[in-house]
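Below: the structure, in structure tokens.
Nothing in this text is a laboratory measurement; each read-out follows from the coordinates by a stated rule. Every value quoted in this text rests on a predicted model; they were computed, and no experiment measured them. With ideal geometry, Cβ positions are generated from the backbone for all residues, glycine too; neighbour counts draw on all protein chains shown.
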Amino acid sequence: MSIPLKTMPLSELPAGEHACVMALDFGRGISARLTTLGFTPGAELTMIQNYGHGPLVVTIRDTRIALGRREAQSILIQRKPNDNVL
Amino acid sequence: MTTYYDHSTFHPDFLTKGKDITIALAGQPNMGKSTLFNLFTGLNQHVGNWTGKTVEKREGTFQSHHRNIHLIDLPGTYSLTANSPEEVIAREYILQEKPDLVIAVVSAANLERSLYLVSELIALPIPLIVALNMVDVAKMEGIEVNAAVLEAALGVPVVPVVATHAHSARNLLNVLEENIQNNFSNLNPNIPEIRADHREVLQEIKSLIQDSLPAEYPAYWAATKMLEGDSEIEKLVKNCLTPEQWQTVASILKEHDDSYLAIASGRYDWIGRMIRAAVHRPRAGQISVTDQLDRWATHPIIGLVFLAAVLGLVFWLTFAIGAPLQDWLDSAVIAPLGEWAGMQLVDAPVWLNGLIVDGIIGGVGAVLTFLPIIIIFFAIFGLLEDVGYMARAAYVMDNFMHWMGLHGKSFLPLFLGFGCNVPAVMGARVIESYPARILTILLAPLIPCTARMAVVAFLAPAFFGKQAGLVTWGLILFSLAILVISGVILNRILFKGERTAFIMELPLYHIPNLRSTALLVWQRSLSFIRKAGTLILMMSLVVWALSVLPGGDLESSYLARIGNLFAPIGKWMGLDWRLTVALLTSFFAKENSIATLGVLFSSSEESGLTQTLAATYSTATGLSFLVVSLLFIPCAATVAVIHQETGSWKWTLVNILLMLVLSIGTASGVYALANLIGL
């Protein structure tokens with residue numbers, strides 16, 4: 001599987017930024033749960049809260065989802081340009 | 001066109017079915033499904049368990065348009081794939097019990113995600129009506145949904161409802177009746193298709209399995225589920241096929257082991273088409289109420305402070321309202337009842353008098369006095385859950401719980417344990433992963449419940465006088481420290497440090513529904529009372545019998561003999577046989593140990609007892625007894641629910657042994673240490 005260069009783990013996305021889900025790097029069980037909740041490749045999400053440690057909150061498909069940091073590290077995303085930030 | 005399904009078989013013949021129909025209520029969590037269920041059935045509902053599972057089953061009946069309607073509340077599930085027992089229950093019910101109709105509850109506030117379950121339900125051979133709930137909450141979030149447009153897209157009726165308003169329920173029932181009258185002939189469901197690149201393989205699997213499957217499983221559905229990686233359906237299909245056929249199917253599945261992504265994407269593409277014209281956001285970009293509240297409630301520091309304040313309030317309410325009520329129940333109801341029964345039985349044989357007054361009224365009565373505290377706990381927690389705060393509490397506690405290999409969701413069941421360990425063990429149901437659920441249950445009895453606090457509050461002044469408050473506080477912190485250490489160690493040895501994934505929805509905040517909360521409290525209290533009337537009654541009779549047989553007095557009873565048997569172990573902790581017996585009777589109900597000491601020192605007056613105890617035992621013995629009382633094996637009621645919730649005697653025994661080792665070990669250590677420093 002080729003991953004584009006700009007791809008990064010969801011855990012590194014700062015609060016307020018938008019991104020696209022690229023891939024899920026889990027076993028099938030957790031991946032299936034996450035895709036059901038809307039984490040499908042191409043889905044857009046917004047980071048609501050990320051303090052750099054501990055769990056974080058994202059909004060995806062109008063739903064707020066809390067994720068453990070470990071889970072967020074295994075979700076690969078592509079950051080989208082944000083109007084407010086450089 | 002690919003036709004997955006022949007819809008002519010969809011229409012059940014309602015006209016020949018008579019008047020009674022069965023409806024299954026399906027929906028994802030946090031969609032207000034239970035509120036709708038309560039609105040329809042009120043007190044006319046029955047709560048039990050699904051056969052062989054610890055998942056709650058709620059069903060009820062009501063009348064509409066001269067019809068008896070039997071309503072089944074399916075467990076809240078995000079999908080119908082076998083990720084959890086709830087999902088298996090929901091789909092097995094629909095496929096095997098074949099309700100006449102499924103009502104899917106979706107939320108207008110997060111329509112996209114909530115239609116995911118609909119995308120699965122709509123493909124099943126049962127008529128479907130969609131109840132569009134939370135229209136009011138959506139409006140607050142700046143979202144408007146046009147039900148008619150959505151209905152046209154889905155091809156099944158979509159009825160907007162506000163589950164807290166009776167008239168919207170009537171609306172739903174009218175639509176239901178209309179559709180029954182015309183035999184659901186207007187249904188023209190728009191079925192989602194798998195992504196184009198997987199259509200061929202789906203057809204291939206379907207044709208391989210369709211002749212061998214049991215009739216209730218549609219072949220296309222089973223094929224889709226297998227591509228989604230559903231292990232339950234794989235097992236089922238494997239048993240239906242010859243080994244050669246299965247080989248072919250298995251190799252196809254192996255080749256496409258990422259197809260669950262194609263299926264989920266296909267469903268979300270379909271959802272995208274369904275809602276495109278139906279959803280409007282007139283005030284896009286506004287900061288919603290939930291966002292504003294969450295800035296504080298989920299903040300890593302302010303959130304914790306807020307949580308501490310909420311929990312403080314819970315404690316305060318429990319003790320300010322619950323404790324006086326408990327005392328009142330004890331002194332104004334249970335004690336007079338015992339006296340009255342004693343008077344009535346004055347001519348009866350002594351054993352019968354003892355059986356009824358001490359065994360039944362004394363035993364079951366003592367447990368029932370905890371009802372006010374349990375009701376208050378359930379009511380507050382029910383309200384906080386309904387508002388949407390509970391998920392935030394779990395979120396801010398997640399970091400801390402990780403030390404024990406648990407995550408945030410285990411925090412609330414454990415906190416419930418301060419009221420009573422029974423709901424704490426039952427509350428562990430919300431945790432999806434089995435190891436995390438077992439660990440939470442194992443740790444729950446380490447939370448000092450109100451009954452144990454009562455014992456400590458009574459005995460601490462006897463040994464520590466003015467320092468009693470400080471000692472009590474220290475003892476509680478001490479048992480919590482033991483809990484954390486046990487959690488860390490148990491996680492290492494029993495579950496090999498395995499960590500469970502923390503994935504949790506934070507629902508939108510909304511105004512709580514008092515009716516729903518009241519019903520919840522009513523059902524929980526009822527089940528507690530039922531338990532008091534059966535299992536606790538039995539246990540209390542056994543303990544009572546042991547305490548009077550064979551001679552009729554405690555000093556020479558079997559219980560005393562057991563106490564003497566354990567006296568050598570008691571010696572490690574500095575306890576004599578009387579304290580050991582008191583500890584043993586606490587198995588039935590924690591506060592029993594005081595009653596037992598009262599009997600053994602034959603002084604019923606409480607002030608007399610504290611003085612006697614202070615004169616009889618050293619401070620070191622007192623401290624050791626307090627420690628072992630806090631950590632001793634869970635009470636009978638807790639043991640019963642541990643068995644019920646784990647479904648295993650093995651884990652029940654592990655839990656008892658764990659508490660036994662912990663309590664005796666730490667109390668012996670504390671006793672030795674206290675002697676060393678000369679207490």
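Give the separation of the Cα centroids, the range B:459-479 to the range B:251-309, in Å.
Between the Cα centre of the range B:459-479 and that of the range B:251-309, the gap is 48 Å.
On a full-extension model of 0.36 nm per residue, what is the gain between residue B:653 and residue B:254, subtracting their alpha-carbon distance, rounded to one decimal in nm?
Stretched out fully, the residue B:653 to residue B:254 stretch lengthens by 139.5 nm.
Using +1 on the beta carbon of Lys and Arg, -1 on that of Asp and Glu, and nothing else charged, what's the dipole of the protein assembly as shown about the Cα centre, debye to 20?
With Lys and Arg at +1 and Asp and Glu at -1, about 1040 debye.
Amide H of residue B:57: which non-local residues (sequence gap of 5 or more, or other chain) have their own amide H closer than 5 Å, using H built in the peptide plane?
B:48, B:49, B:50
Per residue of the range B:511-518, in order, report the coupling 6.51 cos²θ - 1.76 cosθ + 1.60 (Karplus, θ = phi - 60°) as ³J(HN,Hα) in whole Hz, putting x for Gly and Pro.
Karplus-based 3J(HN,Hα) across the range B:511-518 equals 5, x, 9, 5, 4, 4, 5, 4 Hz.
How large is the Kirkwood hydrodynamic radius of the range A:7-79, in angstrom, based on all distinct alpha carbon pairs?
Result for the range A:7-79, one decimal place: 11.7 Å.
Which shape class, rounded, prolate or oblate, goes with the range B:7-181 when its Cα gyration tensor gives a ≥ b ≥ c as root eigenvalues, a/c under 1.5 marks rounded, and past that a/b bigger than b/c marks prolate?
Cα axes put the range B:7-181 in the rounded bin.
How about residue B:57: which lysines have a C-alpha closer than 23 Å to its C-alpha, ignoring those fewer than 8 places off in the same chain?
In chain and number order, the partners are B:33, B:98, B:409, B:531.
Just flag the chymotrypsin sites (Phe, Trp or Tyr not before Pro) in the range B:354-418 sitting in loop per DSSP whose Cβ has no more than 13 other Cβ atoms within 10 Å.
Sparse-neighbourhood loop chymotrypsin sites (Phe, Trp or Tyr not before Pro): B:403.
Take every DSSP beta bridge whose two residues both sit in the protein assembly as shown, then give the antiparallel share in percent to the nearest 5.
Within the protein assembly as shown, antiparallel bridges account for around 65 percent of the total.
Please report, in debye to the nearest 20, how large the charge dipole of chain B is about its Cα centre when each Lys and Arg carries +1 at its beta carbon and each Asp and Glu carries -1 there.
1020
Let me know the shape class of the protein assembly as shown, please: from the alpha-carbon gyration tensor, a ≥ b ≥ c as square roots of the eigenvalues, rounded when a/c is under 1.5, otherwise prolate if a/b is greater than b/c, or oblate.
Prolate.
Can you run the Rg to Rh ratio on chain B? Use alpha carbon positions and the Kirkwood inverse-distance Rh.
That ratio is 1.03, to two decimals.
Along Cα→Cβ, 7 Å out, is where each label goes; now give me the distance between the ones at residue B:558 and residue B:235 in nm to one decimal.
4.1
Name the residue farthest towards the positive end of the dipole of chain B from the options B:586, B:162, B:227, assuming +1 on Cβ of Lys and Arg, -1 on Cβ of Asp and Glu, about the Cα centre.
The residue sitting most towards the positive pole is B:586.
Per DSSP H run of n ≥ 4, the term is -39500 (n - 2.57); total these for chain A, divide by its residue number, and report the mean residue ellipticity at 222 nm rounded to 500 deg cm²/dmol.
That comes out to -4000 deg cm²/dmol.
Note down the magnitude of the dipole of the range B:562-679 about its Cα centre, charges +1 on Lys and Arg C-beta and -1 on Asp and Glu C-beta and zero elsewhere, to the nearest 20 debye.
300
Taking every pair of Cα atoms in the range B:202-256, average 1/r, invert it to obtain the Kirkwood radius, and report Rg/Rh to two decimals.
0.89
Antiparallel DSSP bridges in chain B: what percent, to the nearest 5?
That works out to approximately 40 percent antiparallel.
Of the options A:51, A:9, A:24, report the single residue whose Cα projects farthest towards the positive end of the charge dipole of the range A:7-79 (beta-carbon charges: Lys, Arg +1; Asp, Glu -1).
Of the candidates, A:24 comes out farthest on the positive side.
Gain in length, residue B:247 to residue B:152, computed as 0.36 nm per residue apart minus the alpha-carbon separation, to one decimal in nm?
Between residue B:247 and residue B:152, full extension yields 29.9 nm more.
For the range B:41-49, just list the computed ³J(HN,Hα) in residue order, Karplus coefficients 6.51, -1.76 and 1.60, θ = phi - 60°, integers in Hz, with x standing in for Gly and Pro.
Values, residue by residue: 9, x, 7, 7, 9, 10, 10, x, 10 Hz.
Taking the dipole about the Cα centre of the protein assembly as shown, with the C-beta of Lys and Arg at +1 and of Asp and Glu at -1, give me whichever of B:38, B:149, B:564 is farthest to the positive side.
Highest projection toward the positive end goes to B:564.
What does the C-alpha gyration tensor say about the overall shape of the range B:108-199? Classify as rounded when a/c is under 1.5, otherwise prolate if a/b is larger than b/c, or oblate.
It comes out oblate by the Cα gyration axes.
How high is the FRET efficiency between residue B:549 and residue B:480 when r is their beta carbon distance and R₀ equals 35 Å, given to the nearest 0.05?
That gives a FRET efficiency of 0.35.
When the label point is put 7 Å from the Cα of residue B:210 along its Cα-to-beta-carbon vector, which residues of the range B:125-147 have a backbone N closer than 16 Å?
B:125
Go through the range B:381-393 residue by residue and turn each phi into a ³J(HN,Hα) via Karplus (6.51, -1.76, 1.60, θ = phi - 60°); whole Hz please, and just put x for glycine and proline.
Ordered by residue, 3J(HN,Hα) equals 5, x, 5, 4, 5, 5, 5, x, 6, 3, 4, 5, 4 Hz.
With N set to the residue count of the range B:250-366, report its C-alpha Rg divided by 2.2 N^0.38 Å to two decimal places.
Working it through for the range B:250-366, the quotient is 2.33.
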